[in-house]
Amino acid sequence: MTSRNAPPVLPVRLVVGLGNPGAAYERTRHNAGFWWLEDLAHELGVTLAAEKRFFGEVASARTSAGEVRLLRPLTFMNLSGQAVGAVARFHGIAPEQILVAHDELDLPAGSLRLKFGGGHAGHNGLRDIDRHLNSRDYWRLRIGIGHPRDSAQMAKPVADWVLERPRADEQEAIESALQRAITVHPSLLAGDFVGAMQTLHAA
């Protein structure tokens with residue numbers, strides 16, 4: 001696995017939202033990546049549909065930056081790489097042209113950060129994607145969900161925290177952040193991550 005100091009400027013050809021399938025997990029913090037992917041699909045006017053060979057729900061959209069595929073893995077979080085790897089291999093998509101939206105414990109609820117490459121920081125979805133792509137060189141949209149150590153529930157295990165619903169104020173902050181990320185989606189898909197960062201990181 002490699003990591004570059006200067007990421008390439010390439011259009012995004014695959015956008016992935018991470019989460020767990022099923023009604024029991026639908027509104028939990030760990031599904032923030034799913035929420036943004038669903039918002040993006042709505043914005044692009046496409047509908048996600050299940051495809052067994054890709055282990056998830058997929059859609060394809062034409063944009064000013066070219067064709068982009070959207071993927072919501074239907075494996076559980078720990079096996080997200082199975083779906084990402086299948087789509088990337090089938091369509092010949094390089095890791096550098098993949099954007100993964102995921103929940104981020106180390107950011108307050110409502111914060112957003114874009115990052116290229118780096119470690120998985122214990123996030124099992126990213127860990128599995130690294131393994132299936134044999135690379136860490138893909139983009140991440142990190143969606144802050146907060147950490148139990150920063151709340152009144154500081155003794156709560158992280159595994160329990162991410163599988164609970166956010167408080168009402170946290171949910172409002174996260175939804176506002178997701179909409180900010182939607183407003184810059186043309187920049188994201190075109191590979192203008194510097195421009196997108198200026199907007200998202202300033203908020």
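The values are calculated or read from the model by the stated rules, or taken from the named source; none is laboratory data. Keep in mind that this is a model prediction, so the values were computed, not measured. Reconstructed Cβ throughout: ideal geometry from the backbone, glycine too, with neighbour counts over all protein chains shown. These area figures cover heavy atoms from the full protein model, side chains too; ligands, DNA and RNA do not enter into them. Shrake-Rupley method; radii C 1.70, N 1.55, O 1.52, S 1.80 Å.
Listed by position, the strands (runs of 3 or more DSSP E) inside region 33-109 whose residues that are in contact (Cβ under 8 Å) with a residue 40 or more places away in the chain, under 25 Å from residue 200 (Cα atoms) and not hydrophobic (A, V, I, L, M, F, W, C) number at least 3 are 66-73, 98-104. Remark: residue 196 falls outside the filter, which requires a residue to be part of a helix (DSSP H, G or I) and under 18 Å from residue 77 (Cα atoms).
Across region 124-155, what is the total count of residues that are assigned to a loop (DSSP other than H, G, I, E, B) and farther than 23 Å from residue 23 by Cβ?
We begin by selecting, within region 124-155, every residue assigned to a loop (DSSP other than H, G, I, E, B); these are 134-138, 145-147, 151-155.
Pick out the ones that are also farther than 23 Å from residue 23 by Cβ and you get 134-138, 146-147, 151-155.
Total satisfying the criteria: 12.
A residue that is at positive phi and touching a helix residue (DSSP H, G or I) at 6+ places or on another chain (Cβ under 9 Å) occurs somewhere in region 144-166. Test residue 178 against the criterion of being under 23 Å from residue 72 (Cα atoms) and part of a helix (DSSP H, G or I), and give yes or no. Yes: the conditions hold for residue 178.
If the condition is being in contact with an Asp or Glu (Cβ under 6 Å, 6 or more places away or on another chain) and either among the aromatic types (Phe, Trp, Tyr) or open to solvent by less than 50 Å² (accessible area, probe 1.4 Å) (or both), then region 121-141 contributes only 137. Residues in region 103-110: is at least one closer than 18 Å to residue 191 by Cβ and either open to solvent by 10 Å² or more (accessible area, probe 1.4 Å) or of a type in the set (Lys, Arg) (or both)? Looking for residues that are closer than 18 Å to residue 191 by Cβ and either open to solvent by 10 Å² or more (accessible area, probe 1.4 Å) or of a type in the set (Lys, Arg) (or both), one finds none in region 103-110, hence no.
The residue list 168, 196 contains one member that is open to solvent by 50 Å² or more (accessible area, probe 1.4 Å) and small (Gly, Ala, Ser), which is 168.
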